[in-house]
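Let me begin by presenting the structure, written as structure tokens, before commenting on it.
The values are calculated or read from the model by the stated rules, or taken from the named source; none is laboratory data. Keep in mind that what you see is a predicted model, and the values were worked out from it rather than measured. All Cβ positions, glycine included, derive from the backbone under ideal geometry; neighbour counts span all protein chains shown. Heavy atoms of the whole protein, side chains included, go into the accessibility calculation; ligands, DNA and RNA do not. Shrake-Rupley method; radii C 1.70, N 1.55, O 1.52, S 1.80 Å.
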Amino acid sequence: MSGHQVFAADWLSLREPADHAARSEALFEDLAAVLARTRNGRRLRIVDLGAGTGSNLRWLAPRLPRPQHWTLVDHDASLLARARSQARTIVPAPADEFSVTTVEADLSDSSLPWIGQADLVTAAAFFDLVSAAWIERLSAACAAARAACLFVLSVDGRRGFLDHDGGMIDDEEDQYMQDIFNQHQRRDKGLGGALGPEAGQRLSQSLARHGFDVRLQASDWRLDCTDAPSLALGRELLAGWHQAALEQAPAASVRINAWHQRRQADLAGARRMVQVGHVDVLALPPR
Ligand SMILES: C[S@@+](CC[C@H](N)C(=O)[O-])C[C@H]1O[C@@H](n2cnc3c(N)ncnc32)[C@H](O)[C@@H]1O
């Protein structure tokens, strides 16, 4: 089944603090060191794929050396409009120091023309949507451009509920739900048969085959749900898993609803933490 997935701006802003807190600082430091060596004061050209409202830009831009020029690519014009309207407040600098262009494009049928000129290609929370063939195309384009790559927050399937001592609770019903959810994640989201939780590994292998020096680090969310923002995010996550499971296995709705109610009560009572495993991938081109 194929269909473009729509991401609500509210969902993206709800997840942004957790995303920003989870990202690997160590991989960023490695990237910054390489850019400092190779850029020679030139304007840094950065391409963000599946940029949404610009969360990745908001984390990276203040940390990267200027001047910077960003190209944000997404097929959702309304998300890009938000990104544009907020960009100026992120790095208050003159246009020759910091500039942002948005491109409304469907990455499924694009030859990725922006990558040819890029120093850095980046994406956040995007790769679970893509196929192995799409990753190959991207790796080849990044290798041809000799661009550095920072691909963060790809879900890796380590998803579930934790005790307060950090132990994973994985009862029969959680496992059942996990299986259904992973099946749903592998549906075609418009970019070929989606890799879902395998994306991070497949991405690293593909980039390594294209000659990149590849480094990985975990960037997990761990939501304790004792404060309002993490409880709100936990609830939305649970609602998303519930919805996906009902779509994938409608005949099992009684079982799915019972699981949902039980885990909702756990979150509301702060009896469980939620973990969503992610991986960040840094790939540096050969010197
Ligand atoms: C989970 S959101 C992540 C957005 C943003 N990178 C962030 O970290 O908040 C995935 C993004 O990929 C975009 N997207 C999905 N499929 C796409 C496609 N075929 N072409 C272009 N953008 C796509 C969505 O519109 C959405 O903005």
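Take V103 and decide whether it is at pLDDT 90 or above, within 16 Å of the ligand (Cβ to nearest atom) and under 28 Å from E29 (Cβ atoms). Steps first, please.
Numbers: at pLDDT 90 or above: yes; within 16 Å of the ligand (Cβ to nearest atom): yes; under 28 Å from E29 (Cβ atoms): no.
It is false that V103 is at pLDDT 90 or above, within 16 Å of the ligand (Cβ to nearest atom) and under 28 Å from E29 (Cβ atoms).
Just checking, how many residues over the stretch 130-153 are within 23 Å of D30 (Cβ to Cβ) and of a type in the set (S, T, Y)?
Of the residues in the stretch 130-153, 1 are within 23 Å of D30 (Cβ to Cβ) and of a type in the set (S, T, Y).
Given (1) near the ligand (Cβ under 9 Å from one of its atoms); (2) open to solvent by less than 10 Å² (accessible area, probe 1.4 Å); (3) farther than 30 Å from D227 by Cβ, identify the lone condition not met by H75.
(2)
Out of (1) closer than 29 Å to S111 by Cα; (2) within 16 Å of the ligand (Cβ to nearest atom), what's the single condition that is false for R45?
Result: R45 passes all but (2).
Checking R186 against (1) modelled with pLDDT under 90; (2) farther than 30 Å from A143 by Cα: exactly one of these is not met. Which one?
Unmet for R186, out of (1) modelled with pLDDT under 90; (2) farther than 30 Å from A143 by Cα: (2).
Within the stretch 51-66, work out how many residues are among the aromatic types (F, W, Y) and surrounded by 22 or more Cβ atoms within 10 Å (Cβ to Cβ). Steps first, please.
Here is the first cut: in the stretch 51-66, the ones among the aromatic types (F, W, Y) are 59.
If we keep only those that are surrounded by 22 or more Cβ atoms within 10 Å (Cβ to Cβ) as well, we get none.
Final tally of qualifying residues: 0.
Would you call L27 under 29 Å from R287 (Cβ atoms) and within 13 Å of the ligand (Cβ to nearest atom)? Before you say what the answer is, go through the steps one by one.
Working: under 29 Å from R287 (Cβ atoms): yes; within 13 Å of the ligand (Cβ to nearest atom): no.
The answer is no for L27.
Being open to solvent by 50 Å² or more (accessible area, probe 1.4 Å) and more than 17 Å from the chain's Cα centre (by Cα) narrows it down to one residue among R186, R202, R215, R209; which is it? Steps first, please.
On the way: R186 fails: more than 17 Å from the chain's Cα centre (by Cα); R202 fails: more than 17 Å from the chain's Cα centre (by Cα); R215 fails: more than 17 Å from the chain's Cα centre (by Cα).
It is R209.
Report, by residue number, each residue of the stretch 12-41 that is open to solvent by 60 Å² or more (accessible area, probe 1.4 Å) and either at pLDDT below 95 or more than 13 Å from V152 (Cβ to Cβ) (or both). Steps first, answer last, please.
In the first step, residues of the stretch 12-41 are kept if they are open to solvent by 60 Å² or more (accessible area, probe 1.4 Å); the result is 13, 17, 21, 25, 29, 36-38, 40.
Residues satisfying the conditions are S13, P17, E29, A36, R37, T38, N40.
Might you let me know whether the stretch 117-126 holds any residue that is open to solvent by 30 Å² or more (accessible area, probe 1.4 Å), at negative phi and either more than 10 Å from the ligand (Cβ to nearest atom) or under 20 Å from the mean Cα position of the chain (by Cα) (or both)?
yes
Taking the conditions exactly as written (without any contact (Cβ under 8 Å) to a residue 12 or more places away in the chain and either within 12 Å of the ligand (Cβ to nearest atom) or surrounded by fewer than 16 Cβ atoms within 10 Å (Cβ to Cβ) (or both)), does D179 satisfy them or not?
Numbers: without any contact (Cβ under 8 Å) to a residue 12 or more places away in the chain: yes; either within 12 Å of the ligand (Cβ to nearest atom) or surrounded by fewer than 16 Cβ atoms within 10 Å (Cβ to Cβ) (or both): yes.
It is true that D179 is without any contact (Cβ under 8 Å) to a residue 12 or more places away in the chain and either within 12 Å of the ligand (Cβ to nearest atom) or surrounded by fewer than 16 Cβ atoms within 10 Å (Cβ to Cβ) (or both).
State whether one or more residues within the stretch 70-77 are among the aromatic types (F, W, Y) and over 15 Å from the mean Cα position of the chain (by Cα). Show your work before the answer.
Here is the first cut: in the stretch 70-77, the residues among the aromatic types (F, W, Y) are 70.
Restricting the remaining residues to those that are over 15 Å from the mean Cα position of the chain (by Cα) gives 70.
Looking for residues that are among the aromatic types (F, W, Y) and over 15 Å from the mean Cα position of the chain (by Cα), one finds at least one in the stretch 70-77, hence yes.
Can you pull out the residues in the stretch 132-150 that are under 17 Å from Q185 (Cβ atoms) and either within 12 Å of the ligand (Cβ to nearest atom) or within 14 Å of the chain's Cα centre (by Cα) (or both)?
W134, the sole residue that qualifies.
Per-residue answers, yes or no, for (1) more than 30 Å from Q185 (Cα to Cα); (2) in contact with a strand residue (DSSP E or B) (Cβ under 8 Å, 6 or more places away or on another chain); (3) open to solvent by less than 20 Å² (accessible area, probe 1.4 Å); (4) within 13 Å of the ligand (Cβ to nearest atom):
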{"position": "Q68", "(1), (2), (3), (4)": "yes, yes, yes, no"}
{"position": "Q86", "(1), (2), (3), (4)": "yes, no, no, yes"}
{"position": "T89", "(1), (2), (3), (4)": "yes, no, no, no"}
{"position": "A93", "(1), (2), (3), (4)": "yes, no, yes, no"}
{"position": "S108", "(1), (2), (3), (4)": "no, yes, no, yes"}
{"position": "V130", "(1), (2), (3), (4)": "no, yes, yes, yes"}
